[in-house]
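Take a look at the structure set out below.
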């Protein structure tokens, strides 16, 4: 059942047709609007306003190191994560300073390693830097600022990627749809967990 | 000069459209009264405006909260802790976070639907432990109303026969989710009872309202009216009588009184134009939320009521309580890699742990708490997988550098850890004390020029030690389930992790009922001692909080109060002409 069919079912199930002004045509219209909104994770037509071109390019590299493409789904940039982060910086201004400062820290540290900013250094040099800051338990206290930023960026990337349509499909998220009945914990999940409704 | 709306008085003016106001409107209009309802917020309709069945990716912020919707952009509550131009203040060294809903239906639009009756002991706590006060009424007085509300609104649950957790008229409860079965097993091993939850969500058709379709999004506003809000159950039939007029964007300023000290109407500010309007009414029912109703009464000063309406006792605003709150959370290795399936269920918990130590008098605190649970593979949104570096170091694979990381292994860790966490929340009873109160701040007014509230609330050791007990018990249940608590129990210096007063959004007290006018604001009919045609129908009349969520008792009291208004006031024509 696709989304529009779900919404139609809702309209019938809910007797919404009895509510003045709510017709199947209107439901169709609302479903179409929802589909447009969903395109590109609600970011269709949005242009970056918070990040400079070079910051944006560095961010794109970083988020793809965090969530690369694999055989189940695309990369963070495929799911428009940099655009999402830029939008969130505008929407939640408390994110602005940490992201700007974190990206500056990455470039400055990159210069110390390779003499050039992150975007201009090699993949091997990228790994050297990322390995210093991606594992908080074993990281050197000298790079605490980088570790803190990378943990925050990992969280933002996960938010943007997994909440996208691509991310939900990857996870096999099957909720958010009307159900005729509630059947409880699935047989497979019960077997995995070693539980039952009889115990 | 204020604009005077009409010289013909309404039978009743109700301030507020939430649980208490909605029930009052339902009962009074059905009885034939002409009712005017004032709502400070805007028009909002659950069927038209609810965000049910939206994917988080339909919005660029993916469900994250906003300034006007702190619990998430799709959460059906316009308002929040801070509303521009409507400040409140606190006495230094005290806390109160005040949530206000500004919309038709109030907080019933987004609430948790946990619909618990107070039990017989909850009305007589002073007789049991010597603290606070007994109510002027008992469980038997409210039982008929609880019964009728169960049938009118619809509630699921199970008959358990627990003395202080009275059973109701229940629809079948939904089976527990996977993680809820785990909680039940883990708690049972410790001798802690787990029963089906009791939520006002239909699991069967009721009248023209279909049963739940299990999308788990009650808080977004149900478009099929399968759960309870005043809009799904109470306002439509009230409007259908033709006797109810709802005025939105109407911020009540003052209850107007006549020379005898009786109410003659209400003055309000049209929040869109700033114009002041006066309406006349034979009876005034305040249901604006415990603190807003108290504030309105305090601001209604006249020669007959120099200390605020019906406040010669100086009790108005006192005995303010909230529920205590605390959270624990665990990581469960057996949930890693568990097969995904639709776990949405109803919009809330399917199981419930009622207070199980009612008879234990050896505890170092007086009152009990219950435990709510949460977890599962819900819809991914803003915050998904947050803080993964604290847990992915614990799962299988090469973890020599610890948690965190990046790349293919991390990407897979997000999939594997989705739904591997279960949390529990303790919600307990705070003892009603005179020292915890709200009052008018003499130096601050809101943008409408109305004096604002100043709060003065502190937890006592009874509340702190109760939440310490919850933290210890919650972590014990997590371990008993085979999990690992995510954080250490907060120490005394952190008040054992207790929430700030107000944060559980159960504001109760402030206009309490009682037999003695010297230590109460209202009589046992929720009628003001000093103004016979003024009633309060929110949680202000509560004498004590109980660990139970207040809505079902607000509804029962409001129904009882409204029927008293019909039989004893309107019909006997005792009201001001």
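Quick check, is residue B:402 part of a loop (DSSP other than H, G, I, E, B) and either within 21 Å of residue B:340 (Cβ to Cβ) or over 35 Å from the mean Cα position of the chain (by Cα) (or both)? Here the answer is yes, as residue B:402 does meet what is asked. Is it fair to say residue B:364 is touching a helix residue (DSSP H, G or I) at 6+ places or on another chain (Cβ under 6 Å) and over 30 Å from residue A:131 (Cβ atoms)? Yes: the conditions hold for residue B:364. Scanning region A:82-104 for residues that are under 10 Å from the mean Cα position of the chain (by Cα) and within 11 Å of chain B (Cβ to nearest Cβ) gives A:84, A:85. Assessment of region B:76-94 against the conditions (within 14 Å of chain A (Cβ to nearest Cβ), surrounded by fewer than 17 Cβ atoms within 10 Å (Cβ to Cβ), assigned to a loop (DSSP other than H, G, I, E, B) and without any contact (Cβ under 8 Å) to a residue 12 or more places away in the chain) yields no matching residue. Of everything listed in (1) under 12 Å from the mean Cα position of the chain (by Cα); (2) within 8 Å of another protein chain (Cβ to nearest Cβ); (3) closer than 18 Å to residue B:63 by Cβ, the single unmet condition for residue A:177 is (1).
The set of residues from region B:51-75 being in contact with a strand residue (DSSP E or B) (Cβ under 9 Å, 6 or more places away or on another chain), more than 7 Å from every other protein chain (Cβ to nearest Cβ) and in contact (Cβ under 8 Å) with a residue 24 or more places away in the chain comprises B:52, B:71. Just one residue in the set B:199, B:190, B:206, B:152 is crowded, with 23+ Cβ neighbours inside 10 Å and more than 11 Å from chain A (Cβ to nearest Cβ); that residue is B:199.
With respect to being part of a helix (DSSP H, G or I), surrounded by fewer than 24 Cβ atoms within 10 Å (Cβ to Cβ) and at pLDDT 95 or above, residue B:556 fits the description. Here residue B:286 meets each of (1) under 15 Å from residue B:10 (Cβ atoms); (2) surrounded by fewer than 17 Cβ atoms within 10 Å (Cβ to Cβ) with one exception, condition (2).
What is the residue count in region A:130-184 for residues that are in a helix (DSSP H, G or I) and either closer than 30 Å to residue A:105 by Cα or free of Cβ contacts under 8 Å to residues at least 24 places away in the same chain (or both)?
29
Is at least one residue of region B:267-277 surrounded by 24 or more Cβ atoms within 10 Å (Cβ to Cβ), over 30 Å from residue B:346 (Cβ atoms) and touching a residue at least 12 places away in the same chain (Cβ under 8 Å)? Yes. State yes or no: is residue B:551 over 15 Å from the mean Cα position of the chain (by Cα) and buried (at least 22 other Cβ atoms within 10 Å of the Cβ)? Here the answer is no, as residue B:551 does not meet what is asked.
With respect to residue B:386, is the statement that it is within 12 Å of chain A (Cβ to nearest Cβ) and on the phi > 0 side of the Ramachandran plot true? Spell out how you get there, then give the answer.
Values: within 12 Å of chain A (Cβ to nearest Cβ): yes; on the phi > 0 side of the Ramachandran plot: no.
Judged against the criteria, residue B:386 is not a match.
The values are calculated or read from the model by the stated rules, or taken from the named source; none is laboratory data. On a predicted model such as this, the values are computed, not experimentally measured, just so you know. In this analysis, Cβ positions are derived from the backbone assuming ideal geometry, glycine residues included, and neighbour counts consider all displayed protein chains.
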